[in-house]
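Remarks on the structure that follows.
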Amino acid sequence: MSPARKEEFLEIDGHEVRISSPDKVVFPEPGLTKLDVVKYYLAVADGALRGAGGRPMVLKRFVKGIDQEAFFQKRVPENHPDFIDTATLQYARGTSAEEAVIRDAAGLAWVVNLGCLDLNPHPIRAEDLDHPDELRIDLDPMPGVDWSQIVDVAMVAREVLDDVGLVGWPKTSGSRGLHILVRIAPHWDYKQLRLAAETLAREVENRAPGLATARWWKEERGESVFVDFNQNAKDRTVASAYSIRPLPDARVSTPMGWDEVAVRRPEEFTVASVLERFAEIGDPHRGIDDTVGTLDGLLALAEELGPAEKPPRAGDGEGRRQSTMPLVEVARTKTKPEALDALEEWKARHPAVVPLLHPADVLVDGMRGSSSLWYRVRVNLQHVPEGERPTQGELIADYDPWAGKEWPGRPGSD
């Protein structure tokens, strides 16, 4: 066996791109190395750039491998090459960040070399940071929901889009869900975009009650497909087309035609199969930029539906929400394995409760921290008779993702 190489240089469209540790195995199950990941993105560059090119992006870096949490880097490295553009975004807390903007295949190779597997662009172009040009519909299934229900909800979403004069382009999320992308003219701000997305979600729920939900609070959704309108809020990003997701099988977020949605499954689309598919049929989303639409129809529907119901809040003076569900919080942890271990410990403490829980009653949520995810574990006791419900106890784990960080308004900060 030859020794692992420290680096390799690729000539890509007139740019030299250094790939460090090209032989490092990134996906052990299919045996994909870092160089294999680079070559994948070069092979599908036309499609990947259609989704992520020209947009500021957050760098989600898996520097310790797919089994460890990624960290999110908003600021572009100072020593970035001249073929990487940048754009300065203003954030809600009053901070700003100069983010990377890739425009060509060399840029794809460069971000992969940093440890990025999936691409996470904002729904804006670098030339106009205030007016999004893409509405993103994220169909997120709750536990216990199968693919056929996601398909049913997707078809309802397509009907709603058609009724307001918009064209949706479906792709797998690369995990369990489905994304529908809608190109719009850059005439509306983020507030209007989110309102339009929330309106669409509410209308999908109205047309498919029980199958779909627009309820923001997870414990209220039941076994339904959440139409996640908040992915259209400012500062939010989603994995774009042809992104490799950090799953053992190297699954890919893959564009599809509407005729494929009901007959294909997310697990069919991996690096190996998508390479063959792209070589054979190209990008099913190649016409997406020819279907630019308007938000007028959705915003008119928002007026017709009226304001969305607001969740109840506690009268504690701090504006914290009071859930209507009988929730107990189990743990807050730095990693998902720690979260799952804490959940198992809680179940061991309350064995009589476990058989009464439905799949959607167990809530393990990845929460965005300052630069990485942390995890919150809760259990909804709605299906447990009131007299048999465990009370809120001390957290099994109590990780503070904000330890050592301060900002105006943070409890305990000046």
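The values are calculated or read from the model by the stated rules, or taken from the named source; none is laboratory data. For clarity, every value in this text was computed on a predicted model and none was experimentally measured. Note: ideal-geometry Cβ built from the backbone for every residue, glycine included; neighbour counts use all protein chains shown. We work out accessible area using only protein heavy atoms, side chains counted, and drop any ligands, DNA or RNA first. Shrake-Rupley method; radii C 1.70, N 1.55, O 1.52, S 1.80 Å.
If you take all other residues with their beta carbon under 13 Å from the beta carbon of ASP13, and give Lys and Arg +1 and Asp and Glu -1, the sum is -3. Once the convex hull of all Cα atoms in segment 26-73 is built, its volume per residue stands at 89 Å³.
Let me spell out the model: positive unit charges on the Cβ of Lys and Arg, negative unit charges on the Cβ of Asp and Glu, origin at the Cα centre of segment 131-213. What dipole size does that give, in debye rounded to 20? The dipole of segment 131-213 has a size of about 160 debye. For the pair segment 44-61 / segment 247-297, the C-alpha centres are spaced 15 Å from each other.
Based on protein heavy atoms only, segment 95-167 ends up with 30 Å² per residue of surface accessible to a 1.4 Å probe.
Once C-alpha pairs closer than 8 Å and six or more residues apart are averaged by separation and normalised to the residue number of the chain, the relative contact order reads 15 percent. Helix content alone sets the calculated 222 nm mean residue ellipticity of the chain: runs of n ≥ 4 DSSP H residues at -39500 (n - 2.57) each, divided across all residues, give -7500 deg cm²/dmol.
FRET efficiency for the GLU78 to ASP13 pair, using the beta carbon distance and R₀ = 22 Å, is estimated at 0.40. Simple point charges give the picture: +1 on the Cβ of Lys and Arg, -1 on the Cβ of Asp and Glu, and for segment 45-180 a dipole about the Cα centre of about 420 debye.
With the charge dipole of the chain set up from +1 on Lys and Arg Cβ and -1 on Asp and Glu Cβ about the Cα centre, the Cα lying farthest toward the positive end among the listed residues TYR242, TRP374, LEU139 is that of TRP374.
Between helix 190-207 and the chain, what is the angle of the helix's C-alpha long axis to the longest principal axis, kept within 0 to 90° and rounded to the nearest 10? Helix 190-207 and the main axis of the chain meet at about 60 degrees. Placing +1 on the Cβ of every Lys and Arg and -1 on the Cβ of every Asp and Glu, with nothing else charged, gives segment 1-122 a dipole about its Cα centre of roughly 380 debye. Springs join every pair of Cα atoms under 10 Å in this Gaussian network model of the chain, and among VAL156, VAL58, VAL271 the largest mean-square fluctuation is at VAL156. Between ILE124, ILE281, ILE102, the GNM of the chain built on Cα springs shorter than 10 angstrom shows ILE281 fluctuating the most.
Spin-label model, VAL25/GLU260: points 7 Å from Cα along the beta carbon direction are separated by 3.0 nm. Placing unit charges on each Cβ (+1 for Lys and Arg, -1 for Asp and Glu) gives the chain a dipole about its Cα centre, and among GLY47, ALA331, LEU59 the Cα reaching farthest toward its positive end belongs to ALA331. Averaging 1/r over each pair of different alpha-carbon atoms in segment 75-168 and inverting the result gives 16.5 Å, the Kirkwood hydrodynamic radius.
Each listed q (0.17, 0.23, 0.25 Å⁻¹) maps to a log10 I(q)/I(0) for segment 183-232 from the Debye sum over equal C-alpha point scatterers, namely -0.51, -0.79, -0.88. Scoring 4-16, 133-145 by mean Cβ neighbours within 10 Å over their residues and listing the highest first yields 133-145, 4-16.
Cα-based radius of gyration for the chain, normalised by 2.2 N^0.38 Å, reads 1.02.
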